[in-house]
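Enquirer: This structure is in structure tokens; I'll ask about it shortly.
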Amino acid sequence: MAVGIFDSGLGGLTVWDAVHRRLPDLPLVYFADSAHAPYGVRDGEDVHRLTRAAVERIWEEGVDLVILACNTASAVALRRIQEEGLPPGKRVLGVFVPLIEALTERKWGDNSPPREVAVKHVALFATPATVASRAFQRELAFRAIGVDVEAQACGGVVDAIEEGDEILAEALVRSHVEALKRKMPHPQAAVLGCTHYPLLADVFQEALGRDVKVFSQASLVAESLADYLRRHPDMLGAGDESRFLSTGDAARVGDRATQFLRRKITFQPA
Ligand code: DGL
């Protein structure tokens with residue numbers, strides 16, 4: 001009955017953690033494509049090829065449903081993967097929609113026309129590839145009107161997190177927030193549009209100021225996954241083992257994961 005969670009590296013563990021808290025009995029197969037991280041500086045073709053290969057590998061673990069806990073893959077590769085057609089009974093979902101539903105105060109599957117919402121000025125922090133895709137603005141436009149989005153591509157942050165260099169990661173976050181504020185001095189809300197960034201949520205919040213509402217995906221995705229599985233119990237795959245797989249150096253990735261989640265995480269080679 002396993003579900004798969006995919007990220008280029010450690011960021012998706014923020015989603016894994018929230019899903020595990022929300023659905024503690026659900027076996028999860030976590031896959032980190034550490035050998036190819038970061039995805040955020042790759043071109044669309046590359047992100048699609050790598051994401052597709054990872055999803056196919058996760059299916060081999062007795063998984064039918066894979067969550068792309070990676071905004072870059074969700075923004076750049078998900079639509080193409082779905083359009084290419086999936087094997088019968090297999091499903092791939094991204095992490096954008098739950099976040100945008102929360103921001104636009106919508107319930108799951110509310111397809112009514114776009115309308116005005118309370119938040120008017122939104123700062124989006126994401127990888128260069130996610131920002132370039134404009135997927136966030138596109139999905140938002142289906143649901144809300146009159147929202148001004150200023151996007152900041154946060155180069156270097158994912159590499160610093162993957163390298164375990166928290167000091168560099170924090171310094172980069174502060175400088176990206178400064179850069180954003182030069183373009184949009186008073187955002188009402190900020191979206192952490194990369195699953196690595198909630199690991200630094202406090203730094204974002206402090207640099208933005210307490211009056212800015214910071215949206216991060218982990219708990220929103222966990223809640224919508226719980227809801228999805230209630231409505232689609234058939235999407236629980238045959239696998240019954242929780243595993244952490246990495247295409248990189250499994251021992252090293254496990255150490256970093258343990259450091260970030262502050263609990264023992266053991267990875268195996270993918
Ligand atoms: N954590 C991912 C995301 O949400 C990937 C970042 C990367 O590999 O650059 O975009």
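The values are calculated or read from the model by the stated rules, or taken from the named source; none is laboratory data. Since we're looking at a predicted model, the values are computed, not measured. Reconstructed Cβ throughout: ideal geometry from the backbone, glycine too, with neighbour counts over all protein chains shown. SASA here: full protein model, heavy atoms, side chains in, ligands and nucleic acids out. Shrake-Rupley method; radii C 1.70, N 1.55, O 1.52, S 1.80 Å.
Enquirer: With a 1.4 Å probe and all protein chains in place, put Ile145, Ile58 in order of accessible area, largest first. Mind dumping the intermediate values first?
Expert: Values: Ile145 80, Ile58 0 Å².
Largest accessible area first, the list is Ile145, Ile58.
Enquirer: Return the distance in nm (one decimal) between the two label points of a simple spin-label model at Ala132 and Ala179, each offset 7 Å from Cα along Cα→Cβ.
Expert: Those two pseudo-labels are separated by 1.4 nm.
Enquirer: If you count the DSSP beta bridges with both ends in the chain, what percent of them are antiparallel, to the nearest 5?
Expert: Values: 0 of 32 bridges.
DSSP beta bridges in the chain are roughly 0 percent antiparallel.
Enquirer: Round to the nearest 10 and report in Å² the accessible area of Met235, as given by a 1.4 Å probe over the protein chains' heavy atoms.
Expert: That residue has around 20 Å² of solvent-accessible surface.
Enquirer: List the GluC sites (Glu not before Pro) within region 1-97 that DSSP assigns to loop and that have no more than 16 neighbouring Cβ atoms inside 10 Å. Please list the in-between numbers first.
Expert: Values: sites: Glu45, Glu56, Glu60, Glu61, Glu83, Glu84; in loops: Glu60, Glu61.
The qualifying sites are Glu60.
Enquirer: Find which of Pro114, Thr51, Ala126 sits farthest along the positive direction of the dipole of the chain, computed with +1 on the beta-carbon of Lys and Arg, -1 on that of Asp and Glu, about the Cα centre.
Expert: Pro114
Enquirer: Additional query: Between region 1-57 and region 137-202, how many Å separate their Cα centres?
Expert: 20 Å
Enquirer: Is it possible to state the helix-based mean residue ellipticity at 222 nm for the chain, with each DSSP H run of 4+ residues giving -39500 (n - 2.57), the sum divided by total residues, to the nearest 500 deg cm²/dmol? What is it? Walk me through the numbers before you get to the answer.
Expert: Details: 12 runs with 119 residues, N = 270.
The helix contribution divided over the chain gives -13000 deg cm²/dmol.
Enquirer: Where in the chain is the longest stretch that carries no trypsin sites (Lys or Arg not before Pro) classed as loop by DSSP and with at most 11 other Cβ atoms within 10 Å?
Expert: Working: sites that count: Lys107, Arg210, Arg262, Arg263, Lys264.
No qualifying site falls inside 1-106, the longest such stretch.
Enquirer: I would also like to ask the following. Given a Förster radius of 22 Å and the C-beta distance between Glu206 and Asp255 as r, what FRET efficiency does 1/(1 + (r/R0)^6) yield to the nearest 0.05?
Expert: Values: r = 27 Å, r/R0 = 1.23.
Calculated value: 0.25.
Enquirer: Here is a follow-up. Within region 159-224, which GluC sites (Glu not before Pro) sit in a loop by DSSP and count at most 13 neighbouring Cβ atoms inside 10 Å?
Expert: Working: sites: Glu162, Glu163, Glu166, Glu170, Glu178, Glu206, Glu223; in loops: Glu163.
When the GluC sites (Glu not before Pro) of region 159-224 are filtered for loop state and at most 13 Cβ neighbours within 10 Å, Glu163 remain.
Enquirer: With every protein chain present, what is the per residue accessible area of the chain (1.4 Å probe, Å²)? Don't skip to the answer; put the middle values down first.
Expert: Details: 11670 Å² over 270 residues.
Using a 1.4 Å probe on heavy atoms only, each residue of the chain averages 43 Å².
Enquirer: Might you work out the accessible area of Thr247 for me, using a 1.4 Å probe with all protein chains in place, and round it to the nearest 10 Å²?
Expert: Accessible area of Thr247: about 50 Å².
Enquirer: To the nearest 20 Debye, how big is the dipole of region 1-131 about its Cα centre, given +1 on the beta carbon of each Lys and Arg and -1 on that of each Asp and Glu? Before the final figure, lay out each step's value.
Expert: On the way: 14 positive and 17 negative charges, 60 e Å.
About 280 debye.
Enquirer: Please report the relative contact order for the chain, taking Cα pairs under 8 Å with a sequence separation of at least 6, and give it as a percent rounded to a whole number.
Expert: On the way: 525 pairs, mean separation 75.2, N = 270.
Dividing the mean separation by the residue count of the chain yields 28 percent.
Enquirer: To continue, here is another question. Please tell me the relative contact order of region 218-270 in percent, rounded to the nearest whole number, where contacts are Cα pairs under 8 Å and at least six residues apart. Working shown, then result.
Expert: Values: 39 pairs, mean separation 16.8, N = 53.
Relative contact order of region 218-270: 32 percent.
Enquirer: Please report the relative contact order for region 6-149, taking Cα pairs under 8 Å with a sequence separation of at least 6, and give it as a percent rounded to a whole number. Intermediate results must be reported in sequence, preceding the final value.
Expert: Working: 179 pairs, mean separation 33.9, N = 144.
Answer for region 6-149 is 24 percent.
Enquirer: Run the accessible area of the chain with a 1.4 Å probe and give the carbon-and-sulfur part as a rounded percent.
Expert: Details: 5990 of 11670 Å².
Ligands and nucleic acids excluded, carbon and sulfur give 51 percent.
Enquirer: Which Cα, out of Leu140, Ile161, Thr72, lies furthest along the positive dipole direction of the chain (beta carbon charges, K/R +1, D/E -1)?
Expert: So the residue we want is Leu140.
Enquirer: Here's a follow-up. So which aspartates and glutamates pass the test for Lys107, namely a Cα distance under 16 Å, with those fewer than 8 places away in the same chain ruled out?
Expert: Filter leaves Glu116, Glu139, Glu223, Asp227.
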